Every structure is written in C-alpha cells, then in structure tokens.
Amino acid sequence: MNSAIAHPMRLTDLVDYQPGAVVSRVLLRTAGGVVTVFAFAEGEGLTEHSTPHDATLQMLEGTLALTVGGTEHEVRAGEIIHLPAAVPHALRGGGRFKMLLTLLKKPATD
C-alpha cells in the first residue's frame, strides 16, 4: 500500500474470500507494529498460538469463536477485542469472516 497517497478505503473490500484459504493483506508496517486485514474462508481458523506483542482484533464481517487464555468469546462484526502479549489464543469461524489485526510492538529498551 502506498502511504504517500492517502484516501478512504472500505476495509472489507481490501481482501476477497478464497475457498479453503486465509487471505491477508498488510496495510501498514512500521517499527511500532503491523496492521493486517484478513479474509477467512468457511471452516478456516488459527490453532492456538501466542506472540510477544499486544494486539487488537476487530471483526469486520461474520462471527468467530476466539479463545484467549482458555476463555472462549464470540466476536461479531463491529466488535473489537484485546489479545494480550504472551497469552495463548486460537480462533475459528462459524462461517467465513473478515477481521483487522493490529499488532503493537513494544519499543526497545536500552
């Protein structure tokens, strides 16, 4: 994405669903973090994992079951949830869904 040209975009139009696949598009990558939009086909998800960084997950379309630290949450379009650093999480959709993930890297300390 060309950051020199700023204009409004509809997030849900930036990635298309593909059968049996997870499609992603990085919108912004800086030293401070990464913003990525995802489209998950029906039946797709992510197995349990963790990252050393805090993140937010914003649902754009559909619904997903998100497990964070052993607690399951249903996240629907228009909702946002915090994914704490180093806490295991996993997700699965009830159908196809789109989401925006904002990964926030911690600044380096001297």
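Rule-based calculations on the coordinates, nothing more; no lab input. Please read all numbers here as calculations on a predicted model, not as lab measurements. Using ideal geometry, Cβ is built from the backbone for each residue, glycine included, and neighbour counts are taken over all protein chains shown.
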>> Looking only at the range 67-110, filter to residues that are among the hydroxyl-bearing types (S, T, Y) and within 16 Å of D54 (Cβ to Cβ); which one of those is surrounded by the most Cβ atoms within 10 Å (Cβ to Cβ)?
In response: T102
>> Whether any residue in the range 55-64 is under 18 Å from L83 (Cβ atoms), more than 13 Å from the chain's Cα centre (by Cα), assigned to a strand (DSSP E or B) and not aliphatic (A, V, I, L, M) is what I want to check.
In response: no
> Hey, any hits in the range 50-64 for a residue that's in contact with a helix residue (DSSP H, G or I) (Cβ under 9 Å, 6 or more places away or on another chain) and among the polar types (S, T, N, Q)?
Replying inline: yes
> Would you call V87 among the hydrophobic types (A, V, I, L, M, F, W, C) and within 15 Å of the chain's Cα centre (by Cα)?
Replying inline: no
